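*Asks:* Sending over a structure as structure tokens; questions will come in a sec.
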Amino acid sequence: MGKNPIISLRDIKKDYNMGDNSYQALKGISFDVYEGDFVSIMGPSGSGKSTLMNIIGTLDTATEGKYIFNGMDITKYTEDELAQVRNEKIGFVFQSFNLIPRMDVYRNVERPMLYSGKISRSQRRDRVASALKTVSLEDKVNNLSNQLSGGQIQRVAIARALVMDPEIILADEPTGNLDSATSYEVMSFFQELNRQGKTIVLITHEQDIAAFGKRTIILKDGLIAEEK
Amino acid sequence: MNFFDAFNISFLSLRNNQLRTALAMLGIVIGIASVILIISIANGATSSITSEVSSMGSNLIAIMPGNQDKGPAQAMGATKSLKYADALYLKNSNDFPNISYVAPVVQTSTQAVGNGEDTNTTVMGVSSIFFDMQSIDIDYGDFFSEEDENFYSKVAVIGPDVAADLFGEGADPTGQIIRIKSQLFRVIGITRAKGSSSMINPDEMVYIPVTTAMKIVMGQDYVQMIQLSVTDPNQLDSTISEIKSALMERHSITDEKNIDFSITSSKEIQETLGNITGILTAMLAGIAGISLLVGGIGVMNIMLVSVTERTKEIGLLKALGARRKDILLQFLIESIVLTIVGGIFGMVVGESLSIAASRIIDIPFIFQAYPILLATGVCVTIGVFFGLYPSQRAAKLNPIDALKYE
Ligand SMILES: Nc1ncnc2c1ncn2[C@@H]1O[C@H](COP(=O)(O)OP(=O)(O)O)[C@@H](O)[C@H]1O
Ligand SMILES: [Mg+2]
């Protein structure tokens, strides 16, 4: 594992305001994720896992605390700069609604490269092909999402998360909608990617899925209850 | 993201949502089609009116009795203030070098009887020069001459409808006798069918020498109209004012308000008609413009629905690194492509309907580029204008709110 943390969280707090009431979903979270790490974040439903991942993924901002991503203090970044960070440095895999509706697999995997604007058409074609090869879906390149199984959709999402060669892959319950056999199959791709050096943060509430990671952080009521 | 990629994405998104796309386009198709149709009908009608009016030439002046400012009774020619002598004066005086011909006209509605038949007709007493001035052609026989005028000849040139009514279709009645108000006239010519223009049907006329008409048939010294033609149409206005002051002097009128005749020129009529048809066109185009506006609002509605419907998609795109302007561009291009493609359909529909309409209502179909250019410009404007707000809404969505949207 590298010496410099890709993610460094210090005392992260997140309040949700609902009218007069305010609910603290994160109550002070601190940990580091180093290059090559595979961290599973576990915890019961409502413990703040997704909130934490959205902050890590720069989709949301913490109410309090310090977040250094890849050496950069991104709290001061503009929305467009954050978009660029997400585009170049972070690959997302969500639980559901992963694919752009009514676009085929090729155009889904290609899309982050369009937003980057720096990758030629032929490079894009090569990168889509090799990303799909990584998840063994070369033959589905022209399929639409409604022609894919749940496991295949998640693998396309993994391919798309890889295509910009990001610093880190963030996965929020990627197997939440899958049966256990398919879940293991999808997880094996994450494990293989980590073996090749990709840094991964995985969120799950299932013990056996969390076990694919190198270490596990357990959240409870917005705090870290246990690290192992 | 570069423009080409943005266009590609927008196009695919439209193509992959055919129902939504078709609904959004519908208003634009109808709007553009009606603009094209209306402009085309207005143009066709205008050109058929102007060609009719310009066939009278731009060098004619008509003097009528009565003051047009003093109400319709006088304007209709019910007064007796314009004399045959006025016409002779204008003809014989050396003060009007620009006047080439003077043709006094009297007319009355009556019956013509001949060959045991009768028919209702308008008897016009005219000078021989009148036929030339009105571009009336002859089918059988000949026109009467200036000599017939001088000798009060009882000769008649009749319209083809009158000839058909009295002597049967296709007969040559030259040399036959007809009776008008108990006077017998010899038919010496049949005019060529012209067909009815706006109000008067020259085919239903009986023309007799103006002198004969005044003295023998009607017993009057006044005329219903004096027609003049000028040599130089560019000096029409000054000729008119010369005639006006000369006639005022002859009628012993000093105050313009008491004037007892009115002068119109064919040029003036053409201009008035041009104005009327112009106003009509503008009004119709305004109505069509409103339907375009409604179409544009339709596009905005569908785009807003589309943004709401695709909130989660927009959240996903932002997670993938789409910046505000990427989202803005995509939705804006969708809206512009919608309106332009809708506009193209609208043009095709509009031109087809125009061709059909021109056949049905018998006006010329005139293909013109400017409504198409206009419509294209309008479409792009509508696409940008009505697409901008929904696109901005999409672009400004907070990624996390969008992703969580249910
Ligand atoms: N936008 C929000 N507004 C208010 N409360 C929220 C919002 N998002 C999440 N929460 C609350 O914060 C807590 C943590 O939510 P979440 O991070 O989604 O948990 P998890 O992913 O572990 O199930 C929950 O109690 C949830 O109800
Ligand atoms: Mg969650």
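The values are calculated or read from the model by the stated rules, or taken from the named source; none is laboratory data. What you see is a predicted model, and the numbers here were worked out from it, not measured in a lab. Ideal geometry is used to build each Cβ from the backbone, glycine not excepted, and the neighbour counts take in all protein chains shown. What goes into the accessible areas is simple: the full protein's heavy atoms, side chains included, and nothing from ligands, DNA or RNA. Shrake-Rupley method; radii C 1.70, N 1.55, O 1.52, S 1.80 Å.
*Asks:* Where the accessible area of segment B:80-259 is counted over protein heavy atoms with a 1.4 Å probe, how much of it, in %, is carbon and sulfur?
*Replies:* So the carbon and sulfur contribution to the accessible surface is 43 percent.
*Asks:* On to the next question. Compute the long axis of helix B:370-396 from its Cα atoms, compare it with the longest principal axis of the Cα atoms of chain B, and write down the angle in degrees, 0 to 90, nearest 10.
*Replies:* The angle comes out at about 30 degrees.
*Asks:* Quick one: of the DSSP bridges fully inside the protein assembly as shown, what percent are antiparallel, nearest 5? Walk me through the intermediate numbers first.
*Replies:* On the way: 59 of 86 bridges.
Antiparallel bridges make up about 70 percent of those DSSP assigns within the protein assembly as shown.
*Asks:* Next up: Could you please state, rounded to a whole Å, how far the C-alpha centre of segment B:90-119 is from the C-alpha centre of segment A:102-167?
*Replies:* What the calculation gives is 91 Å, centre to centre.
*Asks:* Identify, among A:TYR67, A:GLY28, A:SER130, the residue whose Cα sits farthest towards the positive end of the charge dipole of segment A:18-132, taking +1 on the Cβ of Lys and Arg and -1 on the Cβ of Asp and Glu, with the dipole about the Cα centre.
*Replies:* So the residue we want is A:SER130.
*Asks:* Express the accessible area of the protein assembly as shown per residue in Å², computed with a 1.4 Å probe while the remaining protein chains stay in the model.
*Replies:* Normalised by residue count, the accessible surface of the protein assembly as shown is 46 Å².
*Asks:* Right, another one. Taking every pair of Cα atoms in segment A:1-66, average 1/r, invert it to obtain the Kirkwood radius, and report Rg/Rh to two decimals.
*Replies:* We get a ratio of 1.01 for segment A:1-66.
*Asks:* If you put +1 on each Lys and Arg Cβ and -1 on each Asp and Glu Cβ, how big is the dipole of the protein assembly as shown around its Cα centre, in Debye rounded to 20?
*Replies:* Dipole magnitude for the protein assembly as shown comes out near 3120 debye.
*Asks:* Further question on the same structure: Using a 1.4 Å probe and ignoring any ligands, DNA or RNA, find the accessible area of A:ASP126 and quote it in Å² to the nearest 10.
*Replies:* 100 Å²
*Asks:* Hey, can you list the residues from segment A:51-94 whose accessible area shrinks by 10 Å² or more with all protein chains present, relative to the chain by itself (probe 1.4 Å, no ligands or nucleic acids)?
*Replies:* Buried on complex formation: A:ASN54, A:LEU59, A:ASP60, A:GLU79, A:ASP80, A:ALA83, A:ARG86, A:ASN87, A:PHE92, A:PHE94.
*Asks:* Antiparallel versus total DSSP beta bridges in segment A:5-227: what percent is that, nearest 5?
*Replies:* 55 percent
*Asks:* At 25 °C and 0.890 mPa s, grab the translational diffusion coefficient of chain A from Stokes-Einstein with a Kirkwood Rh over Cα pairs, rounded to a whole number in µm² per second.
*Replies:* After rounding, the answer is 136 µm²/s.
*Asks:* Ok, one more. Report the accessible area of A:ASP179, computed with a 1.4 Å probe over the heavy atoms of all protein chains in place, in Å² rounded to the nearest 10.
*Replies:* Number for this one is 90 Å².
*Asks:* I need the per residue convex hull volume for segment B:80-259, using only the alpha carbons, in cubic angstrom as a whole number.
*Replies:* Dividing the Cα hull volume of segment B:80-259 by its residues yields 127 Å³.
*Asks:* Can you list residues whose amide H is under 5 Å from B:MET225's amide H, if they're 5+ apart or on another chain and H is modeled 1.01 Å from N?
*Replies:* B:VAL105
*Asks:* Accessible surface of A:GLU167 in the full protein assembly, 1.4 angstrom probe, to the nearest 10 Å²?
*Replies:* In the full protein context, A:GLU167 sits at about 70 Å².
*Asks:* At 222 nm, what value in deg cm²/dmol follows for chain A if DSSP H runs of at least 4 each add -39500 (n - 2.57) and the sum is divided by all its residues, to the nearest 500?
*Replies:* That comes out to -10500 deg cm²/dmol.
*Asks:* Right, something else. Taking the 0 to 90 degree range and rounding to the nearest ten, how far is the long axis of helix A:105-116 tilted relative to the main principal axis of chain A, both from C-alpha atoms?
*Replies:* Around 60 degrees separate the two axes.
*Asks:* Now, a different point. Can you give the Rg to Rh ratio for chain B, taking only C-alpha atoms and Rh from Kirkwood?
*Replies:* Rg/Rh: 1.26.
*Asks:* How many angstrom lie between the Cα centre of segment A:1-75 and the Cα centre of segment B:304-375?
*Replies:* If we compute the Cα centre of each part, the gap is 45 Å.
*Asks:* Quick one: buried accessible area between B and A, total over both chains, 1.4 angstrom probe, nearest 100 Å²? Spell out each step's value before the answer.
*Replies:* Details: alone 20700 and 11260 Å², together 29420 Å².
Summing both chains' loss of accessible area gives about 2500 Å².
*Asks:* Stokes-Einstein D for the protein assembly as shown at 37 °C, 0.692 mPa s, Kirkwood Rh over Cα pairs, in µm²/s?
*Replies:* My calculation gives 102 µm²/s for D.
*Asks:* Taking 8 Å as the Cα distance limit and 6 or more residues as the minimum spacing, I'd like the relative contact order of chain A as a percentage.
*Replies:* Taking the mean separation of contacting Cα pairs over the length of chain A, I get 30 percent.
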